[in-house]
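Only the coordinates and a few stated rules stand behind these numbers; no lab work does. Values in this document were obtained by computation on a predicted structure and should not be read as measured data. Here the Cβ positions follow ideal geometry from the backbone for every residue, glycine too, while neighbour counts run over all protein chains shown.
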Amino acid sequence: MASFFLAWGAISNSAPHPSSDVGAPTESATAAAPSVITSRPTVSASPSVLPKPSAHHTAAGPSQPSGHPSPTPMPYSPANPHLALTVAQSMPVKGRAPRTGYSRAEFGPGWVDVNGNGCDTRDDMLRKYLQDAVFDGACIVLRGTLNDPYTGTHIAYVRGGFDEVDVDHMVSLSDAWQTGAQYWPYGKRLALANDPLNLQPTAAWVNRQKSDSDAASWLPSNKRYRCEFVARQVAVKHKYQLWFTAGERNAIVSILRGCATLDLPAPGPNPTMAG
């Protein structure tokens, strides 16, 4: 008598997560001609993002007939903690605290060397983002060109002359002060003001137009950059445990719904305490 064995194959669906304030004072030109080194760095205006998790998840659902696969899973999960949208929706929402007591000095004396590399933070940002840069020594950028993500245009930078580039605090220091930073120790405010995660060179006039605005009242004119812009703001506030106002969070969530698979930018190596 023949025996028949029926093997039931377990079908496992994997669903990996997809990848998705103002500049320094004008410097005076030195009398002596500096030693000049020219470099052409390859610059990415996009910060690093969190790596995709490697773990696979088994999709739960009703049993399927023999020989038929389970339904194809959604490309991302709304509960994915690596998504900028998910993090934004989970952030605390409170009213804006009074601006009383705020000054730029509460976040340190301008640009400082918090990472110990011998260059102040402004020079670090110019070295990172300017193309066709000409240097005086290891730190000082004499001139270069910025591919400005806020406007989508190219901007010339000349040190000690007609300066067209500022380094913007994406979460402004005044906004940070009113959403939790006024209760911090000085070293944490110093860290926020010099954290590359929160810094982006842009046109000087754009930086001054933005001023202390949050995402509810100001967004870059370059619409292609808006998803990354607000995702960076979410990453900064998440890293430093700041809160959102209701209007700010609603504006950010509305934008991120249009790029719902965008990963939250990684916090970067800078600690949240400096000095």
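In terms of Cα to Cα distance under 17 Å, which lysines are near enough to LYS223, apart from those fewer than 8 places away along the same chain?
Counting by Cα, and skipping residues close in sequence, LYS223 has these lysines nearby: LYS210.
Note down the net charge around GLY187, summing +1 for each Lys or Arg and -1 for each Asp or Glu among other residues with Cβ under 14 Å from its Cβ.
0
What would the Debye equation give as log₁₀ I(q)/I(0) for segment 170-275 at q = 0.14, 0.23, 0.25 Å⁻¹, counting only Cα atoms as equal point scatterers?
Evaluating at q = 0.14, 0.23, 0.25 Å⁻¹ gives log10 I(q)/I(0) of -0.53, -1.42, -1.59.
What lysines sit close enough to LYS188 to cross-link, taking a C-alpha to C-alpha distance under 19 Å and skipping anything fewer than 8 places away on the same chain?
LYS237, LYS239
Under a Cβ-Cβ cut-off of 13 Å, what is the net charge of the residues other than SER217 that fall near it, where Lys and Arg count +1 and Asp and Glu count -1?
Counting the neighbours of SER217, the net charge comes to -2.
If R0 is 30 Å, what FRET efficiency do you get for TYR186 and LYS94 from their C-beta distance, rounded to 0.05?
The formula returns an efficiency of 0.85 here.
Give the residue from LEU126, TYR102, VAL114 lying farthest towards the positive end of the charge dipole for segment 94-193; charges sit on Cβ (+1 for Lys and Arg, -1 for Asp and Glu) and the dipole is referred to the Cα centre.
Of LEU126, TYR102, VAL114, it is TYR102.
Under 1.5 on a/c is rounded, so check that first for segment 169-215, then, if it is not, pick prolate when a/b is larger than b/c and oblate when it is not; a ≥ b ≥ c are the square roots of the alpha carbon gyration tensor eigenvalues.
Here segment 169-215 falls in the oblate category.
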